[in-house]
Amino acid sequence: MNVKSLVSRRVAVSAGLVLALGWGVSAQAAATGPQTISGKAQHAGTHRPGAGAKSTVAACSQEVLGVSAVKEPADSEDARHLLLIVQNAGDKKCDLYRYPLVRLGAGRTTAPVIKESDPNPGVPVTLAPGEEAYAALLVNGPMDEYEAKSITLRLQGRKPGSSAGRPIDVPMPVETLYANDFQRVTYWTTAPGYALDFIMSK
């Protein structure tokens, strides 16, 4: 994973975050988000409450999140590896649970999760206003592909099997993605490098 290229695109990515209201994209997020991006070490500590604590923070929903998707690396031609970015554009903390439910185009199912990518099982990612979280998405593998011209993301609620808010239409990083049943997604994390480690070698 090229962390340097991720940092160099920081301003462009922040500008591309859009606030998703209802089913579509309707307004640009104003917050700029955190300024430091690092690798695996960043996933610990301040963004997560203790495993035994009961959270009183509301679940993040499409009403307060800016969303974006970028290719990794930025100059990739096939767009097989994507970084999904959400930013808390509200004025209160919110919790992200487990992993995003991502559907590519008219895919039959959502992308399966990479189970070992959860750095803190059972503990949500808490985002303060302006902070970001990331999930990495592997779009395809070595088998027949289908064209996908949309990325739809659903957020999970506090209880397993529940959802938070409405589906979000994520802006496409390219005009068309070529997806198949090899697609995979990671758990939410505050460290983009940590998420990307699980897909970049695939």
So, in the stretch 81-98, exactly how many residues are open to solvent by less than 50 Å² (accessible area, probe 1.4 Å), part of a strand (DSSP E or B) and over 15 Å from Ser68 (Cα atoms)? 4
Over the stretch 52-67, the set of residues crowded, with 24+ Cβ neighbours inside 10 Å, outside any loop (DSSP other than H, G, I, E, B) and in contact (Cβ under 8 Å) with a residue 60 or more places away in the chain is Leu65, Val67
Can you name every residue in the stretch 103-117 that is farther than 14 Å from Phe182 by Cβ and open to solvent by less than 30 Å² (accessible area, probe 1.4 Å)? Gly105, Ser117
Among the residues of the stretch 59-79, count how many are in contact with a helix residue (DSSP H, G or I) (Cβ under 9 Å, 6 or more places away or on another chain) and among the charged types (D, E, K, R). 2
Going by the conditions given, is Pro124 farther than 16 Å from Tyr178 by Cα, open to solvent by 10 Å² or more (accessible area, probe 1.4 Å) and modelled with pLDDT of 95 or more? yes
For the stretch 174-198, give me each residue that is in contact (Cβ under 8 Å) with a residue 60 or more places away in the chain, open to solvent by 20 Å² or more (accessible area, probe 1.4 Å), in a loop (DSSP other than H, G, I, E, B) and under 14 Å from Leu138 (Cβ atoms). Tyr187, Asp197, Phe198
Within the stretch 138-178, residues hydroxyl-bearing (Ser, Thr, Tyr) and over 17 Å from the mean Cα position of the chain (by Cα) come out as Tyr146, Ser162, Thr176, Tyr178
With the requirement that a residue be open to solvent by 10 Å² or more (accessible area, probe 1.4 Å) and either under 24 Å from Ser201 (Cβ atoms) or not in a loop (DSSP other than H, G, I, E, B) (or both), what does the stretch 142-163 give you? Pro142, Met143, Asp144, Glu145, Tyr146, Glu147, Thr152, Arg154, Gln156, Ser163
Test Glu131 against the criterion of being open to solvent by 40 Å² or more (accessible area, probe 1.4 Å) and touching a Phe, Trp or Tyr at 6+ places or on another chain (Cβ under 7 Å), and give yes or no. no
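The values are calculated or read from the model by the stated rules, or taken from the named source; none is laboratory data. Note that the coordinates shown come from a computational prediction; the quantities given were computed from them, not determined experimentally. Positions of Cβ are generated from backbone atoms using ideal geometry, with glycine treated the same way; all protein chains shown enter the neighbour counts. Only protein heavy atoms, including side chains, enter the accessible area calculation; ligands, DNA and RNA are left aside. Shrake-Rupley method; radii C 1.70, N 1.55, O 1.52, S 1.80 Å.
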